[in-house]
Ligand SMILES: Cc1ncc(C[n+]2csc(CCOP(=O)(O)OP(=O)(O)O)c2C)c(N)n1
């Protein structure tokens with residue numbers, strides 16, 4: 001063994017000690033992975049990853065994603081040891097309120113944490129998205145003399161991640177797309193949470209991945225030299241395939257009482273910590289121990305990494321000077337366009353247009369895509385229906401890494417996880433598309449996007465019973481409201497083409513969270529009674545007065561999306577004291593100052609009726625106890641859309657009757 005291997009082996013045991021002490025201190029957490037993968041961590045953070053702990057967001061760094069987020073102490077130990085701004089104090093505060101070492105890794109909370117993980121399998125999807133971003137970046141920015149982007153994505157996943165559907169969707173996509181900048185390390189320890197893994201899985205993972213276009217190696221995950229060799233082989237592979245390294249490990253290694261068993265997965269082993277620490281060669285009286293020689297090794301390694309990064313920056317500087325256009329494009333990723341600027345790019349729709357809002361979306365998208373060359377579109381095999389195509393550009397695929405349209409296949413969950421990967425990376429702005437009713441298939445990734453404040457855009461169409469003949473399986477009724485309940489997910493359901501233009505601008509100006517645009521399948525009329533600039537700007541505020549009363553206010557009618565036309569028609573019957581409020585986005589409206597909200601919905605007027613072709617519950621917060629909702633607390637019907645609306649009572653007459661009954 002060389003000095004380096006000896007020191008890395010020692011570091012691995014000290015990382016085990018940090019995990020044991022941290023989990024012991026807070027009496028919770030997961031020991032199995034940090035102990036079982038300690039040698040893998042030592043090789044990655046002590047040797048193999050091309051990163052710079054002083055610049056955790058360095059553009060050309062290798063990205064490491066811990067898909068098995070429950071093993072967060074793995075990440076915190078190695079980030080600490082390798083010199084990121086994760087102090088020993090923070091390691092000691094594992095899982096303590098407001099520490100940067102939360103229970104599961106959270107993006108933006110901890111330097112060096114590339115993705116929020118914990119829901120198993122997500123991280124694999126994110127890593128695939130980052131690999132797409134890496135390919136796209138290399139294609140756009142590298143030149144013959146300067147390879148500015150040549151980084152790898154490294155993802156560590158356990159049996160749990162590998163069992164999840166999203167992982168398989170994402171892996172199949174990666175194999176098909178030949179994402180050869182992706183290395184997935186499978187911590188294969190034959191244990192999950194409840195039991196030995198053979199109680200729930202018997203597949204041949206190597207064969208499975210080979211069959212979907214990956215290169216596969218299997219290695220002893222505790223053999224530093226063997227693992228490093230496999231990792232380097234994966235990094236240098238010229239096969240054009242993504243790389244799977246199956247690392248056979250012993251879960252909880254270092255705590256003999258639980259190692260290799262399901263008891264080793266969680267915090268159970270912590271009660272044996274004193275004996276374990278002795279067995280690992282850690283001093284009994286010094287918890288959170290790191291030896292001087294290990295510290296010195298990592299200091300030296302960090303200095304090497306910093307020098308390598310500095311060399312890259314010299315190349316990068318030369319590249320910037322030589323390629324002003326590419327430089328401007330790269331820099332544009334950090335610039336946030338204002339909604340007003342974006343809206344100015346979208347021509348007004350003809351006043352006599354009769355378009356579905358999905359078609360208006362297609363038309364709004366084209367000038368925006370021209371304005372924002374790093375905007376990426378994609379769809380889960382529904383381009384023809386969602387119309388989320390950047391028409392001037394080609395598909396992203398293995399032969400054209402510059403393409404801006406990603407065909408995800410029918411993989412809604414992975415599509416959203418991959419979009420998160422693109423958004424974590426930050427260079428590209430992803431928008432993805434499917435039918436709204438299938439938001440449930442991508443929802444776990446949408447939730448992480450909302451939590452991690454990722455500006456992903458979901459163009460989800462066919463947003464109501466207006467779908468018509470396809471029937472209740474394809475007609476969302478609860479979906480819009482369910483999504484409106486998700487914190488930090490802006491749901492926008494525009495009423496006509498001009499509101500749709502506003503919705504696109506609203507989504508694209510947002511940098512601190514995702515936006516879902518719920519668009520219609522069916523054509524809607526232009527709401528010409530409302531001036532177009534009011535419709536556009538109103539969406540930005542979430543809710544606005546669409547029709548102002550011309551007599552003392554008696555009633556307020558509220559609506560969103562394609563049912564706004566019903567409220568507008570009802571107002572004509574109800575008379576001059578009726579106000580119509582368009583409410584395309586609850587969350588955006590709720591973020592407005594109290595005075596604005598009061599000006600739109602004056603508390604003095606309690607005769608309020610909301611109408612929407614969806615579940616009624618959420619509207620209660622705007623119509624109040626005295627108001628009524630014309631909604632749909634049941635599933636839809638298979639028939640032409642106008643018939644379904646009539647049959648289910650979502651009509652102008654119903655709105656008028658509800659208002660008159662107050
Ligand atoms: C989607 C999801 N389902 C369930 C869980 C709860 N959970 C956390 S870890 C785990 C078992 C994971 O097994 P494995 O990946 O083999 O991890 P190891 O036991 O090797 O640490 C489960 C079920 C989760 N975090 N995410």
Within region 232-255, take every residue that is assigned to a helix (DSSP H, G or I) and touching a strand residue (DSSP E or B) at 6+ places or on another chain (Cβ under 7 Å) and give me the one that is nearest to the ligand (Cβ to nearest atom).
234
So which residues in region 634-659 are assigned to a loop (DSSP other than H, G, I, E, B) and either closer than 14 Å to residue 568 by Cβ or touching a residue at least 24 places away in the same chain (Cβ under 8 Å) (or both), if there are any at all?
634, 635, 636, 637, 638, 639, 640, 648, 650, 651
Of the residues 103, 32, 69, only one is within 24 Å of residue 160 (Cα to Cα), under 17 Å from the mean Cα position of the chain (by Cα), touching a residue at least 40 places away in the same chain (Cβ under 8 Å) and within 16 Å of the ligand (Cβ to nearest atom); which?
69
Can residue 256 be described as closer than 30 Å to residue 205 by Cβ, surrounded by fewer than 20 Cβ atoms within 10 Å (Cβ to Cβ), free of Cβ contacts under 8 Å to residues at least 60 places away in the same chain and over 37 Å from the mean Cα position of the chain (by Cα)?
yes
So which of 267, 274 is within 12 Å of the ligand (Cβ to nearest atom), surrounded by fewer than 18 Cβ atoms within 10 Å (Cβ to Cβ) and modelled with pLDDT under 95?
267
Only one of (1) surrounded by fewer than 18 Cβ atoms within 10 Å (Cβ to Cβ); (2) touching a helix residue (DSSP H, G or I) at 6+ places or on another chain (Cβ under 8 Å); (3) more than 21 Å from residue 501 (Cα to Cα) does not apply to residue 373, and that is (3)
Going through 140, 199 one at a time, which residue ends up being touching a residue at least 40 places away in the same chain (Cβ under 8 Å) and either buried (at least 21 other Cβ atoms within 10 Å of the Cβ) or on the phi < 0 side of the Ramachandran plot (or both)?
140
Against the definition (over 18 Å from residue 37 (Cα atoms), at pLDDT 95 or above, more than 10 Å from the ligand (Cβ to nearest atom) and surrounded by fewer than 16 Cβ atoms within 10 Å (Cβ to Cβ)), how does residue 109 come out, yes or no?
yes
Counting only helices (runs of 4 or more DSSP H) entirely within region 484-593, those with at least 2 residues that are touching a residue at least 60 places away in the same chain (Cβ under 8 Å) and closer than 29 Å to residue 416 by Cβ are 497-509, 532-541, 586-590
Residues in region 83-100: is at least one touching a helix residue (DSSP H, G or I) at 6+ places or on another chain (Cβ under 7 Å), more than 23 Å from residue 181 (Cβ to Cβ) and within 16 Å of the ligand (Cβ to nearest atom)?
yes
Identify, please: which residue in region 429-475 is surrounded by fewer than 19 Cβ atoms within 10 Å (Cβ to Cβ) and more than 14 Å from the chain's Cα centre (by Cα) and is, among those, farthest from the ligand (Cβ to nearest atom)?
469
Only listed residue being farther than 21 Å from residue 174 by Cα and in contact with a helix residue (DSSP H, G or I) (Cβ under 7 Å, 6 or more places away or on another chain), chosen from 434, 336:
336
Test: residue 644 is crowded, with 22+ Cβ neighbours inside 10 Å and in contact with a helix residue (DSSP H, G or I) (Cβ under 9 Å, 6 or more places away or on another chain)
yes
Filtering region 185-195 down to residues that are more than 9 Å from the ligand (Cβ to nearest atom) and crowded, with 16+ Cβ neighbours inside 10 Å yields 185, 186
Out of the residues in region 209-227 that are on the phi < 0 side of the Ramachandran plot and under 26 Å from the mean Cα position of the chain (by Cα), which is nearest to the ligand (Cβ to nearest atom)?
209
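Let's see how each residue does on (1) away from the ligand (no atom under 15 Å from the Cβ); (2) at pLDDT below 95; (3) under 24 Å from residue 249 (Cα atoms):
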site: 120; (1), (2), (3): no, no, yes
site: 148; (1), (2), (3): yes, no, no
site: 169; (1), (2), (3): no, no, no
site: 176; (1), (2), (3): yes, no, no
Residue count, region 122-136 (criterion: buried (at least 24 other Cβ atoms within 10 Å of the Cβ) and either modelled with pLDDT under 95 or more than 16 Å from the ligand (Cβ to nearest atom) (or both))
7
Go through region 602-628 and report how many residues are more than 22 Å from residue 436 (Cα to Cα) and not in a helix (DSSP H, G or I).
13
Of the residues that make up region 47-66, is at least one within 16 Å of the ligand (Cβ to nearest atom), buried (at least 24 other Cβ atoms within 10 Å of the Cβ) and at pLDDT 95 or above?
yes
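The values are calculated or read from the model by the stated rules, or taken from the named source; none is laboratory data. All values reported here derive from a predicted model rather than from experimental measurement. For neighbour counting, all protein chains shown are included, and Cβ atoms are generated from backbone atoms with ideal geometry for every residue, glycine included.
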